[in-house]
Amino acid sequence: MTITEKILARESGASIVQPGDNIWVNAGILLTHDVCGPGTIGIFQQEFGKDAKVFDREKIVILPDHYIYTADVKAHRNIDILRAFVKEQNLPYFYDPGTPSYCGVCHVALPELGHVRPGETIFGTDSHTCTHGALGAFSSGIGNTDAGFIMGTGKLLVKVPPTLRFVLDGKMPSYLSAKDLILHIIGDITVDGATYCAMEFTGSAIEALSIEERCTICNMAVEAGAKNGIIAPDQKTFDYVNARTKKPYEPLYSDRDAKIQAEYRYDVSKLEPVVAKPHLPDNKALARDCRDVKVTQVYIGSCTGGKLEDFIMAAQLLKGRKVAIKTLIVPATRHVEQGLIDTKIDGQSLRAIFEAAGVEPIAPPSCAACLGGPIDTFGRTHGNEVVVSTTNRNFIGRMGSKDSQVYLASPYTAAATAIKGTITDPRDL
Amino acid sequence: MSKAKLIRGPVYVLEDNIDTDLLIPACYLNLVPTIPEEYKKLGSYALAGLPDSFPKFASNPDGSTPYPIVIGGRNFGCGSSREHAPIALGAAGASVVVAQSYARIFFRNCVATGEVFPIESETRLCKEFKTGDEAEVNIEANTVTRLSDGKIFPLKPIGAVAPVIDAGGMFAYARAIGMIKK
């Protein structure tokens, strides 16, 4: 069996499962946020009754992150719904905005907080829940109804996905990042190339990646339609997890002879920086072939591209240089925000590097303009902006305005573009 | 809720990769689907993310849609897990989506909520229909008929999720099989 099949088998009580089996799977963690949490709670209360208790207080994590810094009345009402429910159910893992426990973007915070453990199952009311497969968990996005069901029962009916294996070998060239790798893959297999499948990433290039970079890869598995992205845990994973949680876990691994649906091989040493042009994540082009594209705004943030290492990459290029266009910096979490101060390159903090380069005032952590959001959202597009963004989706209207165009890119390419004002291959600086 | 299996009316035609930001733009995700007046409001914003060159989907004065049938191409519903997407279609009064293929979470959310039937077509129906054409979808016979000339197009059988759809959604199904109390 593959790692995905083994985790699902263990959590369903079966010794063997096969792709296509429909099985009831135990939820290790149920993750929700401010946009889908209130609806999930609504379903839970409708279906299980006003006095019902959640299946396990320890297994529910609520990380509001989408609409935090907005005057939108309903957005605040929604967070109040979460607060009331947390109080009523006495839930221990609620990271309340406006209090010191607030974290920010759920998919960066969840592993930071030690809620992601190898071999476990995670279901979340957000498509980018697939991120957490980077630590060897089965992790998948679900809707409110399924989440409400889990809240009451601790279980979900899951179809076992077949596995597509992506073997990435070779040495990473300078200025190539995990974002480039996943944009290459999505460009090759297309936005529905992994529909209903598990995407398993392996090979020496994956092993060489940091945990954060592995998260970037698994984060975008859903952009190819996948049910989950997954990477076998290794010592890096254990070191990361053990530094954040004392809870025991039991990792699982794919068998050597596990049956898979297809295998794709890459030599990363031959890959170049890419962008995904409007309006689909599979609309791949080499960054150097887009040099004539004038850009009006660069956005560095989100669960895909707002982690500390993403800002380190951007700062490496922005150090001692000036941005030519509006450049927006949104650290994903409080932890990342603090990291901008604590992390230094040649004695200068990332924050100081960005400020000296002339970026816009750094925003507080949240999803911000990645998905547009309420009208007053930081960085939201309102006209015909051309944006280069480290986020995950470039659909029409995704960042707000239907008339704006979004190019998805790595933090290196985004920073290089900010300096030049046109799409720039970071190797050209 | 269990829905009628014979659906007749004008179709709204879309092509490939209709994403959830087109189905319900994020600025409306402050609406909570389980609050009845907000459920209705979500319906009035169904497909509000489409470029302005498209005819308005929820164009009835009461915010509902005159189109009970939505036709799409490949990978319908790609993107976010926002259940607001199938809910917006259902709340607007649409009963069925007929597309060549679906993104996984959208399909699952259609089934779990029972808001709209997500049916796969054997052929590329977005080339066979234009918005406003009258059609009849027969979910038991697995056909869609173009009423202008009576041409019948085959639909794929609904497959493994049929029991959940027949029950009317995930909770109804779980109660029917004894997973949760009635």
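The values are calculated or read from the model by the stated rules, or taken from the named source; none is laboratory data. Here the structure is a predicted model, which is why all the values come from computation and not from measurement. Backbone-built Cβ (ideal geometry, glycine too); neighbour counts: all protein chains shown. For accessibility, only protein heavy atoms count, side chains too; no ligands or nucleic acids. Shrake-Rupley method; radii C 1.70, N 1.55, O 1.52, S 1.80 Å.
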How crowded by other chains is B:110-119, given as the mean number of beta carbons from other chains within 10 Å of each beta carbon? 2
The protein assembly as shown - share of DSSP beta bridges that are antiparallel (%, nearest 5): 35 percent
Please give the per residue accessible area of the range B:1-150, computed with a probe of 1.4 Å over protein heavy atoms only, in Å². 34 Å²
How large, in percent, is the carbon and sulfur part of the accessible surface of the protein assembly as shown at a probe radius of 1.4 Å? 51 percent
Per-peptide average of other Cβ atoms within 10 Å, ordering A:278-288, B:73-83, A:78-88 highest first: B:73-83, A:278-288, A:78-88
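Given a 1.4 Å probe, how much area per residue of the range A:276-428 is accessible, in Å²?
Details: 5090 Å² over 153 residues.
I get 33 Å² per residue for the range A:276-428.
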Separation of the range A:39-68 and the range A:302-340 by C-alpha centroid, Å? 33 Å
Per-residue mean of C-beta atoms belonging to partner chains within 10 Å, peptide A:33-42: 5
Size of the dipole of the range B:76-182 about the Cα centre, Lys and Arg at +1 and Asp and Glu at -1 on the beta carbon, nothing else charged, in debye to 20? 440 debye
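Using +1 on the beta carbon of Lys and Arg, -1 on that of Asp and Glu, and nothing else charged, what's the dipole of the protein assembly as shown about the Cα centre, debye to 20?
Result for the protein assembly as shown is approximately 320 debye, rounded to the nearest 20.
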Calculated FRET efficiency, A:E360 and A:D289, Cβ-Cβ r, R0 25 Å, to nearest 0.05? 0.30
Going by a 1.4 Å probe on protein heavy atoms, which residues of the range B:12-34 end up with at least 30 Å² less accessible surface in the whole assembly than in their chain alone? B:N17, B:D19, B:D21, B:A26, B:C27, B:L29, B:N30, B:V32, B:T34
Whole-Hz Karplus couplings 3J(HN,Hα) for the range A:40-48, θ = phi - 60° and coefficients 6.51, -1.76, 1.60, Gly and Pro as x, run 5, 4, x, 5, 4, 6, 4, 8, 9
Phi to ³J(HN,Hα) by Karplus 6.51 cos²θ - 1.76 cosθ + 1.60 over the range A:133-147, Hz, x for Gly, Pro: x, 4, 9, x, 9, 8, 9, 8, x, 9, x, 4, 5, 4, 5
Positive-end extreme of charge dipole, the protein assembly as shown - chosen from A:H132, A:G203, A:G104 (charges on Cβ): A:G104
May I ask you to find the residues of the range A:181-197 that are shielded by at least 40 Å² of accessible area once the whole protein assembly is considered instead of their isolated chain (probe 1.4 Å)? A:D192, A:Y196
Might you report the magnitude of the Cβ-based charge dipole of the range A:332-429 about its Cα centre, with Lys and Arg at +1 and Asp and Glu at -1, to the nearest 20 debye? 240 debye
Could you work out which residue, out of B:G63, B:G132, B:G43, moves most in a Gaussian network model of chain B, that is, has the largest mean-square fluctuation with Cα springs under 10 Å? B:G132
Out of the DSSP beta bridges found with both residues in the range A:3-266, what percent are antiparallel (nearest 5)? 15 percent
Divide, for chain A, the radius of gyration over alpha carbons by 2.2 N^0.38 Å, where N is the residue count. 0.93
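B:A162 to B:K5: extension gain in nm, 0.36 nm per residue of separation minus the Cα-Cα distance?
Result: 55.3 nm gained on full extension.
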How large is the helix-only mean residue ellipticity at 222 nm for chain A, computed as the sum of -39500 (n - 2.57) over DSSP H runs with n ≥ 4, divided by its residue count, in deg cm²/dmol to the nearest 500? -9000 deg cm²/dmol
Place a label point 7 angstrom from the Cα of B:M179 along the Cα-to-Cβ direction, then list the residues of the range A:44-84 whose backbone nitrogen is under 18 Å away. A:44-49, A:54-56
From the residues A:T2, A:A243, A:T422, which one has its Cα farthest along the dipole of chain A in the positive direction, the dipole being from +1 and -1 charges on Cβ of Lys/Arg and Asp/Glu about the Cα centre? A:T422
Between B:F54 and A:I375, the FRET efficiency computed from the C-beta separation at R0 = 35 Å comes out, to the nearest 0.05, as 0.95
I'd like the Karplus ³J(HN,Hα) series for the range A:83-93: coefficients 6.51, -1.76, 1.60, θ = phi - 60°, whole numbers in Hz, and an x wherever there's a Gly or Pro. 4, 5, 5, 4, 5, 4, 8, 6, 7, x, 10
FRET efficiency estimate (nearest 0.05) - Cβ-Cβ, A:Q338 to A:A71, R0 25 angstrom: 0.45
Losing no less than 50 Å² of accessible area (probe 1.4 Å) relative to the isolated chain, the residues of the range B:145-182 are B:M170, B:F171, B:M179
Take every DSSP beta bridge with both residues inside the range A:276-428 and express the antiparallel ones as a percent of the total, to the nearest 5. 30 percent
Work from the charge dipole of chain B (Cβ charges, +1 for Lys and Arg, -1 for Asp and Glu, about the Cα centre) and give the residue of B:L147, B:A174, B:Y45 farthest towards its positive end. B:A174
Taking amide H positions as placed 1.01 Å from N in the peptide plane, with prolines and chain starts having none, which residues 5 or more places from A:G372, or on another chain, fall under 5 Å of its amide H? A:G400
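Could you report the range A:1-130's accessible area per residue, 1.4 Å probe, as an integer in Å²? Mind dumping the intermediate values first?
Numbers: 4350 Å² over 130 residues.
With the other protein chains kept in place, the range A:1-130 gives 33 Å² per residue.
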Rounded to the nearest 100 Å², the accessible area hidden between A and B, summed over both chains at a 1.4 Å probe radius, is 3800 Å²
Across B:95-101, the residue-averaged tally of Cβ atoms belonging to other chains within 10 Å stands at 1
Compute the separation of the alpha-carbon centres of the range A:351-409 and the range B:1-75 and state it in Å as a whole number. 26 Å
